[in-house]
Each structure stands twice: as C-alpha cells, then as structure tokens.
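> Can you keep this structure in mind? I'll have questions shortly.
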Amino acid sequence: MSDNIISIDNRGYNFKTGQTILEVAEENGILIPTLCYLKGATPTGACRMCLVEVAGARSLLTSCSTPAAPNMSVNTSSPRVINARRYNLELLLSSGRHNCLSLGKGKGLLTDAQLDELSAKGEDVCPAYGVCELQSLAVQYQVNPDRFQASQTRYEIEDVNPLITRDFSRCILCGRCVQACNEIQVNRAISFGYRGSEAKVITRGDRPLSKSDCVFCGQCIQVCPTGALVNKKASGAYRQRETKKVRTTCPYCGVGCQQLLHVKNNRIVNVTAVEDGAPNMGRLCVKGRYGYDFIHSSERLTTPLIRRGKEFVEASWDEALDLVAKKFTEIKEKHGPDAIAGISCARSINEDSYNMQKLFRAVIGTNNIDHCARTCHAATVAGLARSFGSGAMTNSFADFQKARMFFVIGSNMTEAHPVAATFVKQAVRNGARLIVVDPRYTAIAEHAHTFLQIKVGSDVALLNALMYVLITEGLYDRQYVDTCTVGFEEMKAVVMKYPPERAAEICGVPAQDIIKTARDLASVKPAMLIYTLGITEHVCGVNNVLSCANLQMLLGNVGFECGGVNPLRGQNNVQGACDMGALPGDLPGYQKVADPSANEKFRKAWGAEFPLKPGLMMPDMITGLKTGAIKALYVFGENIANTEPNISHVEECLEAAEFLVCNDIFPTETTRFAHVIFPSAAWSEDEGTFANSERRVSMVRKAVEPPGQARPNWWIFREIARRMGATWESRSGREIWDNEVSVLAPLFAGIKYRRIEKDGLQWPVPDEDHPGTACMHNQGSFTCGLGNLVPVEWTPPDEQADEEYPFVLSTGRRLYHYHTRTQTGRSEGLNDLLGEETADISPKDAMALNIRHGEKIKVISRRGEVRVTAKVTRQVPPGLVWMAFHFRENCANWLTNPATDPVSRTAEFKACAVRLEKL
Ligand code: SF4
C-alpha cells in the first residue's frame, strides 16, 4: 500500500507527490469552493474560499496552495471552515457592485427566479446572474450581504469593443482573468494595476481592450466568477437554464478545439470551451468562441438554384438533382468519365468527403477528385509519406505542453493556430526553449530565445546548413541514424555543399547564428519541429518537408513523445478530407488507387469499377475547364475563385466551364459561375466527424436544424448517385463511418462513433481495443520500416524580385478571419476587429517610397493589381510585402504566382515579385 495517503473528511485517499489538497479533493469528487483557483495556473489563494482545517495546523489553510502530505487529516466543512468562508464571502461582496444582492436589500438573498422577474421589469440586474459563482456561493452559504459597507469605487463600464464588456465595479480581484491571459493563453494583455481601493485589472497603459494587446480569445470571460467580464454577443440573449449544451468540434482551424454550443430555440446563443477536453483543454481562440453565428445569417442558401441565362432561379430538389445526374451521365457517355472532376470540402465532415469521392469513383468512374490540401499541405502528405511512410503529423498537441525544445519554422501559429500556440508559449514560460525561423517577426517570435529571420524561400539552405554543423561537429544521433534510417551518406553528400557561410548568403542568417542554433538543437532531446504553410506553399514545398524530416531524423527526434515533425493543418478537416480519399491517387485510409489489391477491395465493396490510374490534381482540373479536357466540375464548399493563385485565370476557367455544380452554404465568388447550386447543411446542422492535425477523429454534432431546404452533403451525393443508378445503403454520417469507412480503411478500423463520444481517437487505430496513437513511428520504427533520409538541394522561388518588380510578396492568414470570410465575415464582431486587408511593409521601404501608415497604395504583380491600405510594421523586413486573402477586393490571390511544386502541385503562395505604387 502506498504511503501517500491523506485523510479528507475522515476517508483516506491516495495522492501523487506534488498534488495540492484541492487537487486530491477534486479528483475524488469532494467539492471545495474556490473563486480564484484556475487549473493549470499558479495557485494564489487570493479568495480564501478554499480554506480547510488541517489537524495540527494553528490556522485554516488554503487548500489550493497547500500540498497534500502523508497522514495529513483534512476537514473541508467544519463549523470553523464554514464561518470563515461566510466571512470571506461577505468581505468579497462588499468589494463591488453586486446588485443581485443589493437589489434584495432587506429581503435577503434573491433567487434566480426573483432576479428573472426583476430583470423583466427592467431593473439593473447583473448580466451574469445564474452563472455567477459568487452569487451561487452567497446563496449556498446564506451570507449577510449587508454586513460590511460596500466599496464606493465605481468604474465606467467599458463596452467599446464588439465582444467583451468589462465592469470592474463587479470585480472581486480574484486574478483568474489575469492568470488566464498570462499563464494559460499567454497573451500578456492584462495585469493588476493601481493600488488599494483603486486596484483593478488593466491593459498596458490602462487603455480599452480594443486599443490594447488583447486578442479577444475570451478566456478571461470563461474564467471570471462574477459579472465583471461578460460576453457581449451572448449577454441578455438567454438564461443558462434555458439552453441545451451540445459538445462539438470547432469549424475553423486544424487544432480541432472542443466546444460547447449553448442552444436556445434552434439558435446557437453562446460557445464555451469543453473544460479538460482534448486537444484544447478548456481554451478557445477568438474565432472558436465568437465565429458561430454565420449559420444563422439571412444570406444562407436555402433552396436549390438552377441557372437560367444570367439568372439563378429556385428549383425543387428533384429538378436540380435530376439535372445534375442527367448532365453527368451525358458528359460521361460523350466524353468519358475523366471529363468530369470534383473538388471536395476540407471544412465539411469526413462522411461528406467519403461520399463525394465514392460518387466520383464508384458512380462516375474517375479518380478526378481532389480538395484544398492541394493548396496547402499536399507537400506534407507527399513529403512525410516519402520520409516516414505516413504523411501526417507525428505527435500530439498534448506534447506541446510538455516539450523542452521547439523548432518552429514557417508557422505564424499565434494567428493561424492560436490554441496550439498557447501550449507552446506556456511551455516556454515554464522553461522550454524556442527557436523560430520566419521571414517575419511574428507574434510567436516574441516568445523565442532565438529568432532566425530568413529570406523567403531559403528554408532548405538553412536546414542543410544546420545539418552540416550537426554532422561536422559530430552532434547528430549516430546510433539512431545507423539503426533507424537509410540514405545517410547520400544525404550527407548534399548537406556538405551547404557550409553555414554559403547558407548565410542564401538565407540571410549570419553563419554564427546557424552554428549556434545547430548546437542548441542538439543540446535538448527530443525537440519538436513544427511547421505550417511557410514550408509547403513553395515550388520546392516537398523538398522543404523532406528537409524538415531529415533534420529531425538526424537528431534522432522522430518516434518519441515531445519530438517529431508536426505540420499544423490549416482547415478544420483538411486532414480528414485527405484521410477519406478526396485525393486523386489515394482511396480512404491512404490505400493507393494504383494498387490493384486496394482497387479490387473497393470495387467489391462498392460494386463498381474505377480506374487504377490516378486522377487529375486541382490546378489541372481548373485549367482543364479552359482547354476543354474537363467538361463538368463539381465544387463542394470551396471558394476557388478567391483561394487559388492568379484569380483572373481561375475566373476565366470557371467562365469556360460547360457545367459547374456547387454545394455551399452561402453564395460565393465561385457559385457565381455555377449552373446548379445545392444548399448545404452547415457545421452544427448535421452529425459527423472531423480529423484534426494530430489525427484525432472527433465528433461534430447536430445542434440546430438547417435553414429552409438545405440538406446534408452526404445526402446530396447519395441522391445524385441514386439517380445515376447506384444504391447506397448508408443513411447517416454514423452509418457511413461505422459501416463503410472504418470497415474499408485499416487505419480507422477501431474507430466507431460510440468510441469517440468524448475526446476522439488518434489514428492509426487498428482494432476496437486499441487506445489510439498519440505518437507515430514508435522510437524510430517507421511506418515504412526505416526512415528515408533524402538528399535535398536548395532551389530559389520561381519568381524573384527584379528591377520592374523589386519586392517579394508573401501571403498568409490573419487572426480575426478565416479564408475568404464566408463564415467569419458573417459572424458578428469579427469584421469590427478586422474590417479590411492591408499590405504590410517595413518602415524602411515605407520611408523610401514616401508611403505613410494607413495610406492607400497599389500592389502590382505580373498577373494583376490591388488597391490596399499600407500597414507600416516592423514585423516585415525590408524588401518584403505581406498580405492575406480574406477580402475579395484586395485579395492577395489577384497577384500570386500559380507556379507549382512538381510533385505536390501546390502553388507558390509564399513568393512572387511585386512593385508598390503610391496612389
Ligand atoms: Fe477553433 Fe482553431 Fe481557434 Fe481552436 S484554435 S478555437 S480549432 S480556430
């Protein structure tokens, strides 16, 4: 029997060394009240509500900060404890304007029902009543709210931003918000300011949130125990007890955060994070917390539409489905199945992508199916599959919290994957080392110990030089390389061509910094390598990925917790769309189209023939519309008229389409060209699954009904298949996954809906007893056997700055919007936080061109021009212009270069030549 036993309320409990009394109590279901304790943050004991009586101690102790000890005897509810808590509550109530209590002056404490009545009469009732922890404790402990004279300090209510109302008259200075901001989200936007009775929580310079470093993640609201911080969008919309709560997965980035949707009368009225739910562990970012109300927009597509001349007219489902089935059949008969192509949706559930690729393969008879991974991480899928045998993130977000060393390259993670970034920042705060490599001084670079500002498109030169140092100084993991990998000598021969001095000339990082970084990297084991689109969106994207894999294998870092190669996938379900076989060369579960046995297996299951030859990739599908190779294109949920490079060219191709079909939830720039538009059910209007970056398959649940006649996408594909002669058994997302996907794809064999009700499972899951795979390639035992070290030469970007176009344009995402704003642009508040695109330029270039911050300029490339506001910022080095593609009118993709990587066919969104003109 363990010695670590503590007695709480006369019962013995085991505990782990280092646990506090509060943690042991919580673990065992013993409720100790607290108003300041925040899981994951340093205990402060500020509220003194968690006081307990410990035998032998002279005074009461705060259980949140007192370590459990062997033979300790704790009483959590002795009369002394209760009296002390009551006294503390009465003091706290005197610290502010808690009018749920003051309204009841002389009448005692008011119940929620009485407060409802007062609220209905227009009384100034605290917006947090019903969820206010202070109020419920006051009621529970039957305190006297008038025992102490209330503080006279009054603060202005601040609600000059669209999302958060702050009223410090209701604040009890528990410090939870400050800890949530600094220790959990690590945004460092607020702290305590002023002294004595004037003390309050402030931003830097005590400015309003909208003019501060606040990024509106809303974590402070989630933890505030009173009505001091209130979600402005949700406030007044409902009472907690009127809502049902539905757990689901965020519809934005590839972190896959778990949310609780608060639903009232078929509307989502609020979103909070699932406490302790993997992977986000109670955190959300601004999009996850506030970007939900797009589904209720009046602009939703609610009925099928058919083009008649230049107009769209409403049609019945039968009319529209019959027309699509008839046209597809005609084109197939006249031009063959390869004249039809489809682009699936990385935002929608796995089951939709599965049915779409099945429609194309089993019914139309072509492998012409692809999706937007082509635009972002196709290089990852190809590169990592070649290096390791599997093209997915090797490790887990849980490792981010525990890792001791990070090498982050080409990843603006604080904006593109905000919650993943919080784990990295938190680890750094707790002592981990962080090396950031990027052309821009991004927000994550502010947390780095080493920042290497490389020139755009020079990653391979830098990575080779790091490996040069590791090899020449004998710092690499020789044993790992000898036993777990092949190709070392061939790779070394190429790496030896990149001494730091040569690499320095190419990438702009001083040779000494390269040497120091290599030594640093070798000093902590394992280290995690994290990358995003700065690595993949280049004409050398696959080589960049191979190079990242080489570095980590050389260091012996792959196959271990807190190590590996970790690409952060962009869209919420881009991993899943790949997993489901919405790729021209891959069937569900990455079984190869060209593999006769895989082909045979699916032919038998689907009862239909399809070719062994891989289909076309997205760029060739789009160009094929113009050349005539493709007669019909089916675009599901993607806005390719904005997301693909060189918009003018894409629009010419779409214009030339003989037949274009779109499934979408809104009219978009792409649906303008459609001949038939199907109105789809959106996220939260259908049940299914998403797979996040770390290969975790999680539930997406139905919370509300779709508007009008909008229908689930899997149903639309099934209906077209039926009209083309196929009979498909599965009648729901659940049946599609449980009866088809997990049966046909060994990677997901052990994943069934009933097993992922809570935190989901990370594939591979070979059977129903398997717990999922948090770390792939266990200890260097790779999916492909031995890891492949592949020699990689540096090649420059396709288009370089010259006299006519002297700047390099690089592109990416910004925090407050997502892709082409079809969702975030229709979510209240987000446009207020970012209402227009900017071209970010360096102060030096701005001065040379006499451009002022906020002034309109023209950015011109060989393909087009945009007028946009200049943002002069030190984030960007001289010679670089940086833009996003969220806003149509000045979308960076009017300018970007469509040149692609020869293997992945991902375009070089990260580099093209431009010039700037002052207007
Ligand atoms: Fe959603 Fe990504 Fe934000 Fe998480 S980090 S809440 S998944 S957008």
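A short reminder: the numbers here are calculations on the coordinates, not readings from a lab. No experiment lies behind these values; they were computed from the predicted model shown. Cβ atoms come from the backbone with ideal geometry, glycine included; neighbour counts cover every protein chain shown.
> Towards the positive end of the charge dipole of the range 267-328, with charges on Cβ (+1 Lys, Arg; -1 Asp, Glu), say which of Ser316, Gly282, Ile306 has the farthest Cα.
My answer, from the dipole projection, is Ile306.
> Quick check on the range 279-330: what are the equivalent-ellipsoid semi-axes from the Cα gyration tensor, as sqrt(5λ), descending, whole Å?
Working through the eigenvalues yields semi-axes of 38, 16, 9 Å.
> Another question, then. Angle, helix 378-388 long axis vs. longest principal axis of the chain, Cα atoms, 0 to 90°, nearest 10?
Approximately 90 degrees, to the nearest ten.
> Could you give the angle, 0 to 90 degrees to the nearest 10, between helix 511-523's Cα long axis and the longest principal axis of the Cα atoms of the chain?
Approximately 60 degrees, to the nearest 10.
> Relative contact order for the range 203-261 using alpha-carbon pairs under 8 Å, separation at least 6, rounded to a whole percent?
Numbers: 31 pairs, mean separation 10.4, N = 59.
The normalised contact order for the range 203-261 reaches 18 percent.
> How long is the gain from Glu158 to Glu198 if the chain were fully straight, where each residue apart is worth 0.36 nm and the alpha carbon distance is subtracted? Show your work: numbers first, answer last.
Working: separation 40, 0.36 × 40 = 14.40 nm, distance 1.65 nm.
Between Glu158 and Glu198, full extension yields an extra 12.7 nm.
> Specify whether the C-alpha gyration tensor of the chain places it in the rounded, prolate or oblate class, a ≥ b ≥ c being the square roots of the eigenvalues: rounded for a/c under 1.5, otherwise prolate if a/b is larger than b/c and oblate if not.
It is prolate, given that a/c is not under 1.5 and a/b is the larger ratio.
> Pull out the extension gain between Leu612 and Glu836, defined as 0.36 nm times the separation in residues minus the alpha carbon to alpha carbon distance; nm, one decimal.
Extra length available between Leu612 and Glu836 comes to 76.0 nm.
> Which of rounded, prolate, oblate describes the range 535-580, given a ≥ b ≥ c as roots of the alpha-carbon gyration tensor eigenvalues and a/c under 1.5 marking rounded, otherwise prolate only if a/b is larger than b/c?
It comes out oblate by the Cα gyration axes.
> Here is a follow-up. What shape does the range 690-826 have by the C-alpha gyration tensor, where a ≥ b ≥ c are the square roots of the eigenvalues, rounded means a/c under 1.5, and otherwise prolate means a/b greater than b/c and oblate the rest?
oblate
> Summarise the long-distance tail of P(r) for the range 408-495 by giving the % of C-alpha pairs beyond 20 Å.
Taking all Cα-Cα pairs of the range 408-495, the fraction more than 20 Å apart is 49 percent.
> Using Cα positions and a limit of under 25 Å, work out the lysines in reach of Lys121, with same-chain residues fewer than 8 apart set aside.
Answer for Lys121, where 25 Å is the Cα cut-off: Lys105, Lys107, Lys232, Lys233, Lys264, listed by chain and number.
> Same structure, new question: What order, most packed first, do the peptides 742-751, 674-683, 570-579, 238-247 have when packing is the mean number of other Cβ atoms within 10 Å of each residue?
So the order, starting with the most tightly packed, is 570-579, 674-683, 742-751, 238-247.
> Using mean Cβ contacts within 10 Å as the protection proxy, how do 595-601, 639-645 order, highest first? Working shown, then result.
Values: 595-601: 13.4, 639-645: 24.0.
So the order, starting with the most tightly packed, is 639-645, 595-601.
> Skipping prolines and chain starts, which residues have an amide H placed within reach, meaning under 5 Å, of the one on Ile164, given they are 5 or more residues away or on another chain?
The list, which skips near neighbours in sequence, is Lys232.
> P(r) for the range 783-919: what percent of alpha-carbon pairs falls in each 5 Å bin, starting at zero?
2, 10, 18, 20, 17, 12, 8, 6, 4, 3, 1, 0
> May I ask you to work out the translational diffusion coefficient for the range 243-374 at 4 °C, viscosity 1.567 mPa s, via Stokes-Einstein with Rh from the Kirkwood sum over Cα pairs, reported in whole µm²/s?
Taking Rh from Cα pairs, D becomes 72 µm²/s.
> Percent relative contact order of the range 656-809, based on C-alpha pairs within less than 8 angstrom and at least six residues apart?
Normalised by residue count, the contact order of the range 656-809 is 15 percent.
> So, R0 is 35 Å and r is the distance between the beta-carbons of Asn14 and Asp769; what FRET efficiency does that work out to, to 0.05?
According to the calculation, E is roughly 0.80.
> Assuming R0 = 56 Å, what is the FRET efficiency of Lys264 and Met496, from their Cβ-Cβ distance, to the nearest 0.05?
Given R0 = 56 Å and the Cβ-Cβ separation, E is 0.30.
> Now, a different point. So how much slack lies between Ala113 and Glu889, counting 0.36 nm per residue of separation and subtracting their Cα-Cα distance, in nm?
Roughly 274.3 nm would be gained on extension.
> Within 10 Å, count the other beta carbons around each residue, average over each peptide in 293-304, 655-666, and list them highest first.
655-666, 293-304
> Helix 596-606 sits at what angle to the longest principal axis of the chain, using alpha carbons and giving 0 to 90 degrees rounded to 10?
Roughly 70 degrees, rounded to the nearest 10.
> Moving on to the next point. Would you kindly derive the ³J(HN,Hα) couplings of the range 712-728 from the backbone phi angles with the Karplus curve 6.51 cos²θ - 1.76 cosθ + 1.60 (θ = phi - 60°), listing them in order in whole Hz, with x for Gly and Pro?
In residue order, the calculated couplings are x, 5, 4, 5, 4, 5, 5, 5, 5, 4, 4, 6, 9, x, 9, 10, 10 Hz.
> Cross-chain or 8 or more residues apart, Cα under 27 Å: how many lysine pairs in the range 322-479 fit that? Count them up, please.
Lysine pairs meeting both conditions in the range 322-479 amount to 7.
> Sort all Cα-Cα distances of the range 494-626 into consecutive 10 angstrom bins from zero, then give the percent of pairs in each bin up to the one containing the longest distance.
Histogram of Cα-Cα distances, whole percents per bin: 10, 25, 30, 20, 11, 3, 0.
> Still on this structure: Taking just the alpha-carbon atoms of the range 58-217, what radius of gyration and Dmax come out, in angstrom?
Cα radius of gyration and Dmax of the range 58-217 are 18.1, 56 Å respectively.
> Here's a follow-up. Within a Cβ distance under 14 Å of Glu330, other residues only, what is the Lys/Arg minus Asp/Glu net charge?
Details: positive: Lys326, Lys327, Lys332, Lys334, Lys631, Arg723; negative: Asp322, Glu333, Glu658.
Every neighbour counted, the sum reads +3.
> So what's the back-of-envelope 222 nm ellipticity for the chain, counting only DSSP H runs of four-plus at -39500 (n - 2.57) apiece and dividing by all residues, rounded to 500?
-7500 deg cm²/dmol
> What span do the alpha-carbon atoms of the range 494-570 cover on each of the three principal axes, reported in whole Å from largest to smallest?
Taking the Cα atoms of the range 494-570, the three principal extents are 33, 32, 20 Å.
> Next question. Suppose a student asked you for the relative contact order of the chain, using Cα pairs under 8 Å spaced at least 6 residues apart; what percent would you report?
Averaging sequence separation for qualifying contacts and normalising by length gives 13 percent for the chain.
> Now for a different question. Consider a paramagnetic label point 7 Å from the Cα of Asn739 along Cα→Cβ; state which residues of the range 576-616 have an amide N under 18 Å from it.
Answer for the range 576-616: 602-608.
> With r as the distance between the Cβ atoms of Ser73 and Ala629 and R0 = 56 Å, compute the FRET efficiency 1/(1 + (r/R0)^6) and round to 0.05. Present the calculation step by step, with values, prior to reporting the outcome.
Values: r = 80 Å, r/R0 = 1.43.
For R0 = 56 Å, the calculated efficiency reads 0.10.
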